[in-house]
Amino acid sequence: MSYREKENIINIFSGLLITAIFAWAVYQRHLDGRIDLTDDFQQWGIIFLIYAGVSIVARIIIYIVFHIINAIATREEKIPEEDERDKIIKLKATRNSHYTFSIGFMTAIIYLAIGFAPYVIFIVFVVSGLIAEIIDNGSQIYYYRKGV
Amino acid sequence: MPKRTIQNNIRRLRFDADEMTQQELADKTGVSRQTIVAIEKGKYSPSLELAFKIALTFERPLEEVFTYVPEETTTKKKK
């Protein structure tokens, strides 16, 4: 398995893990009554910003740990440079990811139009963002294996 | 227009070039070894620039390294 494939697998699992832990923590706070997620949209704004920060920091840590473990296991210290094939694969994966998020966005708008509570939009955004990320990394693995 | 596909003789040319490894070819053309593997297997069609770099490495004309053949020919060969 190439470095890029491993990197994408790590991204999928770290994305799932970070989102699951963060969502669980936020939901517990909601159950305890410390935050109100049904009506207070300012809370959603704050949660999204904290999530972005936590996600970036956690990913950097996971990426460093992955690189160290990979370097020990394969004895290759250098991260392979991105070449034209990597760039094409990344572009195609980003396209798939954007399509997925667009579908999620439209789903959220449809939910709003048919009378769902506004907070449902934020949940759909989070879920579609996560699925879009999985599609992005999954597409990359697919293109690396099957070819472009 | 009939559908065509790109085939290559990189594996044979590497063998002729004193059994050049995929890594050596990758280093000379500035791409990763995985990209060379993908090109050899026909899973990736390189850009024109990379195709010329590969041809220059082997000191052969481009059409000797890459050929653009009708898809039916490759399907028949696979059978």
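The values are calculated or read from the model by the stated rules, or taken from the named source; none is laboratory data. Computed from a predicted structure; not experimentally measured. Virtual Cβ from ideal backbone geometry, glycine too; neighbours counted across all protein chains shown. Protein only, heavy atoms only, side chains kept; ligands, DNA and RNA dropped before computing areas. Shrake-Rupley method; radii C 1.70, N 1.55, O 1.52, S 1.80 Å.
Looking across segment B:24-34, the residues that are touching a residue at least 12 places away in the same chain (Cβ under 8 Å) and either hydroxyl-bearing (Ser, Thr, Tyr) or open to solvent by 40 Å² or more (accessible area, probe 1.4 Å) (or both) come down to B:Lys28, B:Thr29, B:Gly30.
Residue count for segment A:84-106 satisfying the condition of being of a type in the set (Val, Ile, Thr), more than 24 Å from B:Lys43 (Cβ to Cβ) and open to solvent by 50 Å² or more (accessible area, probe 1.4 Å): 1.
Of all residues in segment A:92-138, how many are more than 23 Å from A:Ala52 (Cα to Cα) and free of Cβ contacts under 8 Å to residues at least 60 places away in the same chain?
As a first pass, look at segment A:92-138 and keep what is more than 23 Å from A:Ala52 (Cα to Cα): A:92, A:110-117.
Checking which are free of Cβ contacts under 8 Å to residues at least 60 places away in the same chain leaves us with A:92, A:110-116.
Count: 8.
Screening A:Phe116 with (1) surrounded by 14 or more Cβ atoms within 10 Å (Cβ to Cβ); (2) part of a helix (DSSP H, G or I); (3) away from chain B (no Cβ under 14 Å) gives one miss only, at (2). Segment B:1-52 holds helices (runs of 4 or more DSSP H) entirely within its bounds, and those carrying 2 or more residues that are within 14 Å of chain A (Cβ to nearest Cβ) map to B:22-29, B:33-40.
Taking segment A:1-16 as the region of interest, how many residues are among the aliphatic types (A, V, I, L, M), free of Cβ contacts under 8 Å to residues at least 12 places away in the same chain and within 16 Å of A:Ser55 (Cα to Cα)? Spell out the reasoning first.
Of segment A:1-16, the ones among the aliphatic types (A, V, I, L, M) are A:1, A:9-10, A:12, A:16.
Subset that is free of Cβ contacts under 8 Å to residues at least 12 places away in the same chain: A:1.
The next check asks that each one be within 16 Å of A:Ser55 (Cα to Cα); those that pass are none.
Count: 0.
For segment A:119-133, filtering for residues that are over 17 Å from the mean Cα position of the chain (by Cα) and open to solvent by less than 50 Å² (accessible area, probe 1.4 Å) leaves 2. Can you say whether A:Glu81 is modelled with pLDDT under 90, surrounded by fewer than 10 Cβ atoms within 10 Å (Cβ to Cβ) and not in a helix (DSSP H, G or I), as far as the supplied structure shows? The answer is yes for A:Glu81. Can you name the residue in segment A:30-46 that is free of Cβ contacts under 8 Å to residues at least 24 places away in the same chain and under 22 Å from the mean Cα position of the chain (by Cα) and, of all such residues, is surrounded by the most Cβ atoms within 10 Å (Cβ to Cβ)? Here the answer is A:Gln43. Across segment A:68-78, the number of residues qualifying as in contact (Cβ under 8 Å) with a residue 12 or more places away in the chain and open to solvent by 100 Å² or more (accessible area, probe 1.4 Å) comes to 1.
Residue under question is A:Ile88, and the condition is that it be touching a residue at least 60 places away in the same chain (Cβ under 8 Å) and assigned to a helix (DSSP H, G or I); does it hold?
On the way: touching a residue at least 60 places away in the same chain (Cβ under 8 Å): yes; assigned to a helix (DSSP H, G or I): yes.
The answer is yes for A:Ile88.
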